Structure formats: structure tokens, C-alpha cells
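**Q** Pasting a structure below so you can have a look.
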Amino acid sequence: MSDDKPRSVYALPNEELEQQSKPQSVSKPRTQKPELPAERFQHIKFLDCDKPVSRIIFECWHCFQGILCEYTGEPIRGEYKGRPSIIQIQVQCPNCEQTAIRLNTGEVLSTTAIPSPWKQ
């Protein structure tokens, strides 16, 4: 009997030659990747979520003005490109008059500019 290990019937002779002729890869030392710039985010704090009229405090996406918003109701279901979708209500900033945030709610009752609690 031979001490040779049995060969797989599915192994092709060319594969064995390729594996033997390939030089082993040398591992390169890891270098630290440069830090990515911080992505933009929006401060948001939900209040009174268990009450009929809920409140949210957030910063405007554009000018970072603090805003207190009261809202009520369940999200409104609509249709977008023939598919069911939830309608987002765009809340305007009282300071810069641009869209400060988009809320998935039934109705926005009030929007009040306040000093931002996140500014130091």
C-alpha cells in the first residue's frame, strides 16, 4: 500500500500546478484609515408621546434654531408611484422659513421658535 493520500476525483491537475506555482502573499502592515468627516445629524427630543397631543423639540436642519412643535394623530397613508406610502409633513422653521424637519404624523398643531437646548 502506498502512503500517499487519496486524491479527489474532482481535482484537476491544472489546479494543483497553479496552487504550487503561486507565490504566497505577503501580508502588508495595517495602516489606520483616515477619519471620515462627521456626518450631519439633527438633535431631536420627543416629549409626551403617550398623550393625545405630543411635543417634539428639535433643531432646524438649516439654521440650527431650536423649535418646539406640537403634533397629534397617526401617520397619514398615501400613495407614491402607485405604491402605499406614509405622507411626511414638512415643518417650516420660523427663523429661516425652510423645511426644518419632516414628521410622520397626522397634524402639526403649533410651531414655536425657542433657544436651542443643545447650543452651549
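**Q** Could you check how many residues of the range 77-98 are farther than 17 Å from Gln65 by Cα and exposed (fewer than 14 other Cβ atoms within 10 Å of the Cβ)?
**A** 10
**Q** How many residues, within the range 66-120, are in contact with a His (Cβ under 8 Å, 6 or more places away or on another chain) and of a type in the set (Phe, Trp, Tyr)?
**A** Qualifying residue count for the region: 1.
**Q** Among the residues of the range 48-87, which ones are closer than 16 Å to Leu109 by Cβ and of a type in the set (Val, Ile, Thr)?
**A** Val53, Ile56, Ile57, Ile67, Thr72, Ile76
**Q** Part of a strand (DSSP E or B), without any contact (Cβ under 8 Å) to a residue 24 or more places away in the chain and either within 16 Å of Trp118 (Cβ to Cβ) or of a type in the set (Phe, Trp, Tyr) (or both): which single residue out of Phe41, Phe46, Phe58 fits that description?
**A** Exactly one residue qualifies, and that residue is Phe46.
**Q** Taking only the range 99-120 into account, find how many residues are closer than 20 Å to Cys63 by Cβ, over 22 Å from the mean Cα position of the chain (by Cα) and loosely packed, with under 14 Cβ neighbours inside 10 Å.
**A** Here the count works out to 7.
Values quoted throughout were computed directly from the atomic coordinates according to the rules given, and no laboratory measurement underlies them. In this text, all values refer to a predicted model and were calculated from it rather than measured experimentally. Please note: Cβ atoms are built from the backbone with ideal geometry, for glycine as well, and neighbour counts cover all protein chains shown.
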